Amino acid sequence: MHILVDADALPGPIREILFRAAQRLRLRLTLVANKILQVPGSEYISTIRVGQGFDVVDEAIVEMVEAGDLVITADIPLAAKVIEKDAHALNPRGELYTKDTIQSRLTMRNLLSELRSAGVNTGGPPPLSQRDRQAFANSLDIFLTSRGLR
């Protein structure tokens, strides 16, 4: 299994949780971004820098992901594409997107996007809290354990 990360806006605490998991379990972890990223020296952790542009990171991840892989992203359209490829998607707040939930998440995302384009201030997500970090760590642990990785 390979963990791919949509790393452009990934919060630092989530990145650290992923680094520790990759090292502990000897899992391939690849962070994909359109900027230079600092990562610890490890045979398991790598980065891929892609060019600037809309959805360039997403396209690179979709091209690399294989069935059974895990993608870390808050990008719901990317999560939907990953799920279509029989891979898994987990957001940085600990929500595992599934075939059963992704359509409703896409619908809500599209509604909020339409409201914003009409001038309605829908606000953004709240800052990542300690509870969010713990939820992510727990969800990642449950996911990896369910695949026999401990």
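The values are calculated or read from the model by the stated rules, or taken from the named source; none is laboratory data. None of these values were measured; they are calculated from a predicted model. Backbone-built Cβ (ideal geometry, glycine too); neighbour counts: all protein chains shown. Protein only, heavy atoms only, side chains kept; ligands, DNA and RNA dropped before computing areas. Shrake-Rupley method; radii C 1.70, N 1.55, O 1.52, S 1.80 Å.
Numbers below:
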| item | result |
| --- | --- |
| Inter-label distance, nm, simple model (7 Å from Cα along the C-beta direction), Val39/Ala67 | 2.6 nm |
| Local electrostatic count, Gln134, Cβ distance below 15 Å [Lys/Arg +1, Asp/Glu -1] | 0 |
| Extended-chain gain in nm, criterion 0.36 nm per residue less alpha-carbon gap, Lys85 and Arg150 | 20.9 nm |
| Whole-percent carbon and sulfur share, accessible surface of the chain, 1.4 Å | 51 percent |
| Eligible aspartates and glutamates near Lys35 by straight Cα distance, threshold 13 Å, same-chain separation 8 or greater | Asp6, Asp8 |
| Net charge contributed by nearby residues that have their C-beta within less than 10 Å of Ala87 (K/R +1, D/E -1) | -2 |
| FRET efficiency estimate (nearest 0.05) - Cβ-Cβ, Ser46 to Arg131, R0 30 angstrom | 0.50 |
| Dmax and Rg, reported as Rg then Dmax, of segment 14-150 (C-alpha, Å) | 15.7, 48 |
| 222 nm mean residue ellipticity, helices alone, for the chain (DSSP H n ≥ 4; -39,500 (n - 2.57); rounded to 500) | -13500 deg cm²/dmol |
| Accessible area per residue in Å² at 1.4 Å probe, computed on segment 1-45 | 48 Å² |
| Solvent-accessible area per residue, Å², over segment 61-113 with all protein chains present [probe radius 1.4 Å] | 50 Å² |
| Where labels lie 7 Å past Cα in the beta-carbon direction, separation of Glu59 and Phe143 in nm | 2.5 nm |
